[in-house]
Amino acid sequence: YSILHRIGSAKKAETRARRIEQFVGMLARGETVHPQRRRSPE
């Protein structure tokens, strides 16, 4: 949902295209939109 909101909230087509490229790059690197907290080993 957060990705769709960030892409859909852009008014210009150029901005939408740039955000899509950024998200594709993030996914290729294994990153997430919302970084997860590291769990402490128990």
Original post:
Hey, any hits in region 19-35 for a residue that's surrounded by 10 or more Cβ atoms within 10 Å (Cβ to Cβ), modelled with pLDDT under 85 and not β-branched (Val, Ile, Thr)?
Top reply: no
**Message:** Taking the conditions exactly as written (of a type in the set (D, E, K, R) and not in a loop (DSSP other than H, G, I, E, B)), does residue 38 satisfy them or not?
**Reply:** no
The residue from 17, 10, 28 that alone is in contact with a helix residue (DSSP H, G or I) (Cβ under 7 Å, 6 or more places away or on another chain) and among the small types (Gly, Ala, Ser) is 10
Residue 7 passes all but one of the listed conditions (1) in a loop (DSSP other than H, G, I, E, B); (2) in contact (Cβ under 8 Å) with a residue 12 or more places away in the chain; the exception is number (1)
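The values are calculated or read from the model by the stated rules, or taken from the named source; none is laboratory data. Note that this is a predicted model, so its numbers are computed, not measured. In this analysis, Cβ positions are derived from the backbone assuming ideal geometry, glycine residues included, and neighbour counts consider all displayed protein chains.
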